[in-house]
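Here the structure comes first, spelled out in structure tokens, and everything after it is commentary.
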Amino acid sequence: MDTSSPAEPTRARPRVEGEREREILEAVLRLLAEVGYDRLTFDAVAAEAHASKATLYRRWPGKADLVVDAAGLMVGVEADQVPDTGSLRSDLIGQACAKGGLTDERPISIFASLLCSMHRDPELMEAIRSRLIAPKVATSVAVFEAAQQRGEVGPDADLPTLARLLPAIAVHEALLMGHTVSADRLAELVDTIVLPACAATLRD
């Protein structure tokens, strides 16, 4: 006769999902913008999100995992939609001025907070590149592909490079000059730099 005690039922690990997960990840984004990656702690996230550290650790084993998931909230926002207005100029301005675009201070601040850490941490760099930067680059290139089909860009143009012009200047001004580009400044950059560069690809 087996007199051993019955095995304790296996308990599923508590999961954080749905709206509660989003609340926690939004708290991470707020803290990243305020204090940066290096000073971000699970204690701070737990306090900001009104959650326990144990809950966070069950879902995210490390800070990089937590931050990469939070960065995913910045993908698929309004700025990641292709406007398709029929004009490259209108598409670029509409995309850049939409929520989450180049005139939105928060994404720029969050990216700035991650930049140095990305260069020190190859895994973080790869995760941010693949899950955050790559989808945004693909959307930007799609705008230029549509313009190319309309004849606004030459058939042999380097679309990825053209797509990087506006974000590169905007991020440079935000990080090194200390201000996020305004809608007027963005339109100026489109008219004086991006569109002339596209026109150059149409020349024989």
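Numerical summary
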item: Cross-chain or 6+ apart pairs with Cβ under 7 Å, the range 117-136 first and polar (S, T, N, Q), then open to solvent by 50 Å² or more (accessible area, probe 1.4 Å); result: Ser117/Asp38
item: Residue pairs meeting the criteria (Cβ under 6 Å; at least 6 apart or on separate chains; first farther than 17 Å from Ser109 by Cβ, in the range 169-192; second open to solvent by 50 Å² or more (accessible area, probe 1.4 Å)); result: Ala183/Cys97; Val190/Arg89
item: Residue that is farthest from the chain's Cα centre (by Cα), among those in the range 88-99 that are among the small types (Gly, Ala, Ser) and either farther than 19 Å from Leu186 by Cα or open to solvent by less than 50 Å² (accessible area, probe 1.4 Å) (or both); result: Gly94
item: Check on Ala27, in contact with a Lys or Arg (Cβ under 8 Å, 6 or more places away or on another chain) and assigned to a helix (DSSP H, G or I); result: no
item: The range 88-109: number of residues that are part of a loop (DSSP other than H, G, I, E, B) and in contact with a Pro (Cβ under 9 Å, 6 or more places away or on another chain); result: 4
item: Of all residues making up the range 152-168, the number that are of a type in the set (Gly, Ala, Ser) and without any contact (Cβ under 8 Å) to a residue 40 or more places away in the chain; result: 2
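For (1) surrounded by fewer than 16 Cβ atoms within 10 Å (Cβ to Cβ); (2) outside any helix (DSSP H, G or I), each residue gets a yes or a no:
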| site | (1), (2) |
| --- | --- |
| Leu40 | no, yes |
| Val45 | no, no |
| Ala54 | yes, no |
| Val67 | no, no |
| Ala70 | no, no |
| Ala79 | no, no |
| Gly86 | yes, yes |
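The values are calculated or read from the model by the stated rules, or taken from the named source; none is laboratory data. Quick caveat, the model's predicted, so the values are computed rather than measured. Note: ideal-geometry Cβ built from the backbone for every residue, glycine included; neighbour counts use all protein chains shown. All accessible areas refer to the heavy atoms of the entire protein, side chains included, with ligands and DNA or RNA removed. Shrake-Rupley method; radii C 1.70, N 1.55, O 1.52, S 1.80 Å.
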